Amino acid sequence: MEAMILAAGLGTRLGPLTDHQPKALVKVGGRPLLGWVMDSLARAGVHRIIINLHHHEDQIRAYIRESAPPDLDFVFSLEPEEPLETGGGLFRAASLFQETGPFILHNADVLSSIRLAELVAGHREARGVIGESLVASLAVQRRPANRVLLFDDRGLMGWQNRGNDRVPGGVRRVREPEGRVESWAFTGIHVIERSIFGLSQRTGRFSIVDLYLELATEGLVIRPADVTGDRWLDVGTPERLEEARATFGLG
């Protein structure tokens, strides 16, 4: 199985730690975030990992060269001019994927106890029921969050931003709901069918959530996978970094 780690971000909220190193190499428990994510993917049966690069990309290449297990194959997707966000980064790397089945997309700054193998198995099972219209399964949780995704009985149909210091509040729904609408906090972990690359001609910088919502208007399905019982943390700020050390017992 293949996976992609999104590691091209500037990590400005973790400054000054990220002034001279990429966020993916910020250490938790004496080890870079990238190392913990890499291990989690390997435990799920991933054998080939694509990593997108921009900020201090030479340091990530060096880390993989010196520290990666020999049984994992790594490929890099460089974004030289600017980070292309989640969707743009994924689509830039489309030609690097070799397998036809689903793959895992994982943010580099996310630590969790989510059992990725079970997440993939649940996606495969759902695909058997829903069919080819199922494009992705998103690991989600019931927890407080400023930004949430909205799902109805069919799948993803919108988002809600309750407001924070970076993005104004608001609600977006791309279609009329089918049944009950529920809000879920996203974890930054996806299981995606490779067929997604043939469903859009988008290029450049864009959010994968925007793409998901476009696909939802076309009748395609992005389903929620509930991982509420698992520990999860987005290590995006100095406060979250300290919380990670306490929550995960890594330092």
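The values are calculated or read from the model by the stated rules, or taken from the named source; none is laboratory data. On a predicted model such as this, the values are computed, not experimentally measured, just so you know. No Cβ is skipped: glycine too gets one built from the backbone with ideal geometry, and neighbour counts run over all protein chains shown.
Of the residues making up the range 36-59, those that are touching a Phe, Trp or Tyr at 6+ places or on another chain (Cβ under 8 Å) and closer than 18 Å to V26 by Cβ are I51, N52, L53, E57. Test V120 against the stated conditions and say whether it is in a strand (DSSP E or B) and either at negative phi or aromatic (F, W, Y) (or both). So V120 fails the test. In the range 107-135, of all residues being among the small types (G, A, S) and in contact (Cβ under 8 Å) with a residue 12 or more places away in the chain, the one that is nearest to L14 (Cα to Cα) corresponds to A108.
Matching residues to (1) within 16 Å of V120 (Cα to Cα); (2) assigned to a loop (DSSP other than H, G, I, E, B); (3) modelled with pLDDT under 95:
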site	(1), (2), (3)
P16	no, yes, yes
H20	no, yes, yes
S40	yes, no, no
V46	yes, yes, no
I50	no, no, no
A62	no, no, no
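Quick check on V28: is it among the β-branched types (V, I, T), out of contact with any Leu (no Cβ under 7 Å at 6 or more places or on another chain) and touching a residue at least 60 places away in the same chain (Cβ under 8 Å)?
For V28, the condition - among the β-branched types (V, I, T), out of contact with any Leu (no Cβ under 7 Å at 6 or more places or on another chain) and touching a residue at least 60 places away in the same chain (Cβ under 8 Å) - is not met.
Please identify the pairs in which a residue from the range 71-90 that is in contact (Cβ under 8 Å) with a residue 24 or more places away in the chain has its Cβ atom under 6 Å from the Cβ atom of a residue that is among the charged types (D, E, K, R) and outside any helix (DSSP H, G or I), counting only partners at least 6 apart or on another chain. If the second residue must be among the charged types (D, E, K, R) and outside any helix (DSSP H, G or I), the pairs left are D73/R48; L84/R205; E85/R205; G88/R205. The condition (being modelled with pLDDT of 95 or more, more than 15 Å from the chain's Cα centre (by Cα) and crowded, with 19+ Cβ neighbours inside 10 Å) is satisfied by just one residue among L215, L211, L241, L199: L215. Residues in the range 83-101 that are in contact with a Leu (Cβ under 9 Å, 6 or more places away or on another chain) and assigned to a loop (DSSP other than H, G, I, E, B) were compared, and the one that is surrounded by the most Cβ atoms within 10 Å (Cβ to Cβ) is L84. Of all residues in the range 107-144, those that are buried (at least 18 other Cβ atoms within 10 Å of the Cβ) and either touching an Asp or Glu at 6+ places or on another chain (Cβ under 8 Å) or of a type in the set (A, V, I, L, M, F, W, C) (or both) total 18. Restricting the range 218-238 to residues that are closer than 18 Å to P144 by Cβ, touching a helix residue (DSSP H, G or I) at 6+ places or on another chain (Cβ under 6 Å) and among the β-branched types (V, I, T), the residue that is surrounded by the fewest Cβ atoms within 10 Å (Cβ to Cβ) is T237.
In this structure, A68 does not qualify as surrounded by fewer than 20 Cβ atoms within 10 Å (Cβ to Cβ) and modelled with pLDDT of 90 or more. Residues of the range 187-240 that are touching a Pro at 6+ places or on another chain (Cβ under 9 Å) and closer than 24 Å to G128 by Cβ: V191, I192, E193, R194.
Among the residues making up the range 14-35, those that are buried (at least 21 other Cβ atoms within 10 Å of the Cβ), under 25 Å from F91 (Cα atoms) and out of contact with any Pro (no Cβ under 8 Å at 6 or more places or on another chain) are P22, K23, L33, L34.
Screening A246 with (1) without any contact (Cβ under 8 Å) to a residue 24 or more places away in the chain; (2) surrounded by 16 or more Cβ atoms within 10 Å (Cβ to Cβ) gives one miss only, at (2).
With respect to (1) buried (at least 17 other Cβ atoms within 10 Å of the Cβ); (2) in contact (Cβ under 8 Å) with a residue 60 or more places away in the chain; (3) assigned to a helix (DSSP H, G or I), the lone exception for I104 is condition (3).
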